[in-house]
Amino acid sequence: MTVEAQHMNVYLNMISQIANIAFREIALAPEGADDDEESAPSQLLPMFGTAVHAPPSTLVAEDVDKHTLCALPRKSHSLLHTEDIVWHLFKKQHERMDPDALPHTFSQLLFSKIPPTVTTLSQILQMLSRADETHSFHALIYHIATVVAFQHYIRLVVLKTGQFAPQRTMNIQASYSRTLIEGLCQAALEDNQRDYIAKFDYACLE
């Protein structure tokens, strides 16, 4: 399994666990797999970095070929929609920040380096996931997964038709969401991380 695939599997598993939403509802089988459009591992895939590993006997469903673990799983349309919401909120939060106050933070460096062709959170995740382990982007990817998971939970559970939530609860959730995104914007970067983001070839992103 490539480093990028490992990162993405952890990212998707974290969203599934934090949002308490079945893995197969947020991820589809990799491109080229023989399974149908909606098929995906029904149990946890191998975790990476500091995350907990699942027992080897329960890594994948029996109907998923082992070779599909080497490829990148595809995100569901619902998850991509949530990522778009988070990307919009992330950009809005960045625009509210003083550009001279924290020059070495994630959002300040990112938005000063990415070209106009980078328009989605998925592209940012691709960029971070393709770095080798020495850049230690695990924490940043996990932070993004937490933000997306929380937003996905709000969309699919809290705001689900027929679901009632008191206004006070909604206000607390909105405040927590803003705090998570602000923390992502202000994440401090090491010298090698800043160098990687500054020199990355963004033309190779899908």
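Were the residues from residue 171 through residue 111 laid out at 0.36 nm apart, the gain over their Cα-Cα distance would be 18.7 nm.
Scan the range 75-162 for trypsin sites (Lys or Arg not before Pro) in coil per DSSP, keeping those whose Cβ has at most 12 other Cβ atoms within 10 Å, and list them by number. The partial results should precede the final answer.
Working: sites: 75, 91, 92, 96, 113, 130, 155, 160; in loops: 130, 160.
Those that pass, being in a loop and sparsely packed, are 160.
By the gyration tensor of its Cα atoms, with a ≥ b ≥ c the square roots of the eigenvalues, what is the shape of the range 106-206: rounded for a/c under 1.5, prolate for a/b over b/c, or oblate? Prolate is the answer for the range 106-206, as a/c is 1.5 or above and a/b outweighs b/c. For the range 77-176, the list of chymotrypsin sites (Phe, Trp or Tyr not before Pro) that fall in a loop by DSSP and count at most 11 other C-beta atoms within 10 angstrom reads 164.
Would you tally the net charge around residue 184, using a Cβ to Cβ cut-off of less than 15 Å, leaving residue 184 out, and scoring K and R as +1, D and E as -1? Net of charged neighbours comes to +1.
Bear in mind these aren't lab numbers, they're just calculated from the coordinates by the rules spelled out. Remember, it's a predicted structure, so these values are computed and weren't measured experimentally. Here Cβ is always computed from backbone atoms with ideal geometry, including for glycine, and neighbour counts include all displayed protein chains.
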